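Colleague: Have a look at this one.
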Amino acid sequence: MANHKSAKKAIRSSAKKRLLNRYQHKTTRNLIKTLRETHDHAMAVELYKKVASSLDRLAKRNVIHKNKASNNKSKLARFVNKLTPAAA
C-alpha cells in the first residue's frame, strides 16, 4: 500500500480515470455493434459519424491505440459504403 500522500492521491485519481475509460470504451464498442447490425444506409451514415468521433477520442486519450482506431474506422467505412442507399 502507498505510504506517501501523493501516491495515495495517484491511486485515487487513476481509479477514477480507469472507470471513465472503461465506460467510454464499452460505450464505443456498443455503438460499433449497433452500426454493424444496421441495414439502413442513411442511419448507418449517421451512426458512423458518432462511432468515428468516439474512436478518435479514445485514441487521443490513449485508451486504444491510434492504429486500432484507424483500422476500425476503415472497416466500418467499407461496411457503410457497401450498404445500398434506399431509392427515394
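Colleague: Working only within segment 46-68, note down all residues that are open to solvent by 50 Å² or more (accessible area, probe 1.4 Å), under 25 Å from Asn81 (Cα atoms) and either in contact (Cβ under 8 Å) with a residue 24 or more places away in the chain or of a type in the set (S, T, N, Q) (or both).
Modeller: The first filter runs over segment 46-68 and keeps only residues open to solvent by 50 Å² or more (accessible area, probe 1.4 Å), leaving 46, 48-50, 53, 56-57, 60-62, 65-68.
Restricting the remaining residues to those that are under 25 Å from Asn81 (Cα atoms) gives 46, 48-50, 53, 56-57, 65-68.
Hits for segment 46-68 are Tyr48, Ser53, Arg57, Asn67.
Colleague: Could you please let me know if Ile11 is of a type in the set (Val, Ile, Thr), open to solvent by less than 100 Å² (accessible area, probe 1.4 Å), without any contact (Cβ under 8 Å) to a residue 60 or more places away in the chain and not in a helix (DSSP H, G or I)?
Modeller: Numbers: of a type in the set (Val, Ile, Thr): yes; open to solvent by less than 100 Å² (accessible area, probe 1.4 Å): yes; without any contact (Cβ under 8 Å) to a residue 60 or more places away in the chain: yes; not in a helix (DSSP H, G or I): no.
Here the answer is no, as Ile11 does not meet what is asked.
Colleague: Another question about this same structure. As an exercise: evaluate Asn71 against (1) open to solvent by 50 Å² or more (accessible area, probe 1.4 Å); (2) more than 14 Å from the chain's Cα centre (by Cα); (3) of a type in the set (S, T, N, Q) and give the number of the one condition it does not meet.
Modeller: It fails just one condition, (2).
Residue-wise test of (1) more than 13 Å from the chain's Cα centre (by Cα); (2) open to solvent by less than 80 Å² (accessible area, probe 1.4 Å).
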position	(1), (2)
Ala2	yes, yes
Lys26	no, no
Arg78	yes, no
Lys82	yes, no
Pro85	yes, no
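The values are calculated or read from the model by the stated rules, or taken from the named source; none is laboratory data. None of these values were measured; they are calculated from a predicted model. Backbone-built Cβ (ideal geometry, glycine too); neighbour counts: all protein chains shown. To get the accessible areas, we keep the full protein, side chains included, count just its heavy atoms, and leave off ligands, DNA and RNA. Shrake-Rupley method; radii C 1.70, N 1.55, O 1.52, S 1.80 Å.
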